[in-house]
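Taking it in order: structure first as structure tokens, then the write-up.
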Amino acid sequence: MRNPLRREEEMFRFLIVVIVGALVIVGAAYIETWVGVAAAVLVLGGIGVWLSRPPVEGPQEPAPAAPTPAGTHRVLLLAAPDADVAELRDGMRTRLDGHDAEVLVVVPALASAVEAITGAVDDRRGAAERTADALAAQLTAVGIPARGAA
């Protein structure tokens, strides 16, 4: 069964179908009550049939993988928002000593339940991005290629 709320384009299409169907039902009910009932049965049946069929999807292109030189390790560094940047930098330098590596520094934007429900996580996300960028810059400064993400 199709879930029209999974992707934005499906949700938009579903919304348009529901609005047009509601207008057809209202218009038919304005003509006569039983015509409106018949229109409602047809519209709801059509929506039911549409939702029961799997979505038709176009060809999916595989995501291109970034080329990694042979002998280079990819490292994911997950750091807390209040992490000691100097300690993490020294730890990474010790562990990667003599090895080529590409490091992706990820710092989660930890928010309280109220912030998560209301969507007020911008300040937390900004702080997490600054921490990730600072750690990535320090790793790059000591010769370990890194980039930050929040």
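Can you tell me which residue among PRO69, PRO64, PRO108, PRO81 is within 30 Å of ALA137 (Cα to Cα), modelled with pLDDT of 85 or more and of a type outside the set (A, V, I, L, M)?
Only one candidate qualifies: PRO108.
With respect to the conditions (1) open to solvent by 50 Å² or more (accessible area, probe 1.4 Å); (2) touching a helix residue (DSSP H, G or I) at 6+ places or on another chain (Cβ under 9 Å), ALA83 lacks only one, and its number is (1). For region 1-55, a tally of residues being open to solvent by 70 Å² or more (accessible area, probe 1.4 Å), of a type in the set (A, V, I, L, M) and assigned to a helix (DSSP H, G or I) returns 13.
The values are calculated or read from the model by the stated rules, or taken from the named source; none is laboratory data. None of these values were measured; they are calculated from a predicted model. As a convention, Cβ positions derive from the backbone with ideal geometry for all residues, glycine included, and neighbour counts pool all protein chains shown. Just so you know, the surface numbers come from the protein's heavy atoms only, side chains and all, with ligands and any DNA or RNA stripped out. Shrake-Rupley method; radii C 1.70, N 1.55, O 1.52, S 1.80 Å.
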